[in-house]
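Participant: Pasting a structure here, questions to come.
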Amino acid sequence: MLSTTATVLVPVLFVLVLGYAAWRVKAFDTNQVAGINELALDFALPASLFVGIVSIPRSELAQDASFALAVLVDLVGLYFVALVLGLWVLRLSKSAAALFALGASFPAAPFFGPAVLGGLFGAKSAAAIASTAIIGNLVLVPVTVVMLEAASRARDRNPKALQVAARGGSSTNTDDLQDSGSGHVATGTVIRNSLVQAAKQPYVLAPVVALMLVLIGIRVPALINSMLNLIGQTTSGVSLFVGGLLLAAYSLKVNSAVALDVILKSVVQPAMLFGLIGLLGVPNALAREGVVAAALPSAVIAPMLAARYGTYQAEAGSTMLLTTVLMMVVVPVSMLTGR
């Protein structure tokens, strides 16, 4: 088992380092990285997930339902635990706490899942990748965006907060100002727009459509599967290369928030899922896939949102970087505990 895991992780590390080096030597600019990212997330990954899901027999979906419930409780439960820790223990601002919680609870299954889980478990790992991607993008990301938008509106309405932001400061209370009555309507709009945008993402929509086809008993022709599989096979290499490019773009910063975020993501999350899987009686094969998926690094969406909203940027990038390094240790351990 350890030999198989090493055989999968060493190529993963190689492609990550290759992407990292490519950014350092300026072989790609920001626009090119964005284009490659679009290829991976909007074309290759959806095709890979679709083919993987439609290959699951309908008789196994009852087992997959208990697994999906375990993933839901793990991701959402840890998100809100981390949010409380960020607000009340670390005394982070609301926007920083939201990004702290997202970094702790959303594994990088869309990026690293096809390479790591696909290499270890084959096409059937699509269920674990899809569950994580759907729950993360339909629940965790919208909640985070709502908190970021509310904090942004609060700053815009408060001159003092604007002055702090202009000086590059990070006051704990800067975005903790209360929204006015009209802000509640805006918050509802943010929630609706976030959910709509998340549902439109191809890597969310494709597994949902595939799941519906399996449920109603429609078989996808082999020719269509072959067509989609041809582009889907590029997911692992392209996604990992982009991951390396993105890792190189962030400067390392280690403080109490980053250290706790890394512990929650790399240690607590896989341990929580392992316990939930045992409690819910998830089949052993899915148990291994789920624990390994939870052991993957923090998803890139956290530093992307941090950059968009201009807060918690160094910490979010550092969390992703450190959890990626720890993946080389945590994933082999997860393979043993998930057996």
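Participant: Of the conditions (1) of a type outside the set (D, E); (2) in a helix (DSSP H, G or I); (3) farther than 17 Å from V208 by Cα, K26 fails just one. Which one is it?
Facilitator: In the conditions (1) of a type outside the set (D, E); (2) in a helix (DSSP H, G or I); (3) farther than 17 Å from V208 by Cα, K26 misses (2) alone.
Participant: Right, A316: touching a helix residue (DSSP H, G or I) at 6+ places or on another chain (Cβ under 6 Å) and modelled with pLDDT under 85 or not?
Facilitator: Criteria not met by A316.
Participant: Could you please give the count of residues in region 56-73 that are among the β-branched types (V, I, T) and in a helix (DSSP H, G or I)?
Facilitator: Result for region 56-73: 2.
Participant: Filter region 301-339 down to residues that are under 25 Å from G275 (Cβ atoms) and among the acidic types (D, E), then give me how many there are.
Facilitator: Number of matching residues: 0.
Participant: Now for a different question. With the condition kept exactly as written, say whether any residue in region 54-62 is touching a residue at least 40 places away in the same chain (Cβ under 8 Å) and among the acidic types (D, E).
Facilitator: Within region 54-62, none of the residues are touching a residue at least 40 places away in the same chain (Cβ under 8 Å) and among the acidic types (D, E).
Participant: I'd like the residue in region 74-127 that is among the basic types (K, R) and in a helix (DSSP H, G or I) and, out of all such residues, is farthest from A151 (Cα to Cα).
Facilitator: K124
Participant: Cβ-Cβ below 8 Å, separation at least six or inter-chain, first residue in region 95-121 and within 15 Å of P270 (Cα to Cα), second of a type in the set (K, R) and at pLDDT 95 or above: which pairs?
Facilitator: Between residues of region 95-121 that are within 15 Å of P270 (Cα to Cα) and residues that are of a type in the set (K, R) and at pLDDT 95 or above, the close pairs are G103/K265; A104/K265; S105/K265; P107/K265.
Participant: Continuing with the same structure: Here are T319, T311: which of them is in contact with a Phe, Trp or Tyr (Cβ under 9 Å, 6 or more places away or on another chain) and hydroxyl-bearing (S, T, Y)?
Facilitator: On the way: T311 fails: in contact with a Phe, Trp or Tyr (Cβ under 9 Å, 6 or more places away or on another chain).
So the residue among T319, T311 that is in contact with a Phe, Trp or Tyr (Cβ under 9 Å, 6 or more places away or on another chain) and hydroxyl-bearing (S, T, Y) is T319.
Participant: Those residues that are in contact with a Gly (Cβ under 9 Å, 6 or more places away or on another chain), more than 12 Å from L120 (Cα to Cα) and part of a helix (DSSP H, G or I), I need them from region 291-302; list them, please.
Facilitator: Within region 291-302, V291, I301, A302 qualify.
Participant: Let me ask you something else. Looking only at region 231-283, count how many residues are more than 30 Å from G35 (Cα to Cα) and either touching a Cys at 6+ places or on another chain (Cβ under 8 Å) or buried (at least 20 other Cβ atoms within 10 Å of the Cβ) (or both).
Facilitator: Adding up the residues that qualify gives 10.
Participant: Any residue at all in region 74-81 that's touching an Asp or Glu at 6+ places or on another chain (Cβ under 7 Å) and at pLDDT 85 or above?
Facilitator: no
The values are calculated or read from the model by the stated rules, or taken from the named source; none is laboratory data. Worth saying up front: this structure is predicted, and the values here are computed from it rather than measured. Reconstructed Cβ throughout: ideal geometry from the backbone, glycine too, with neighbour counts over all protein chains shown.
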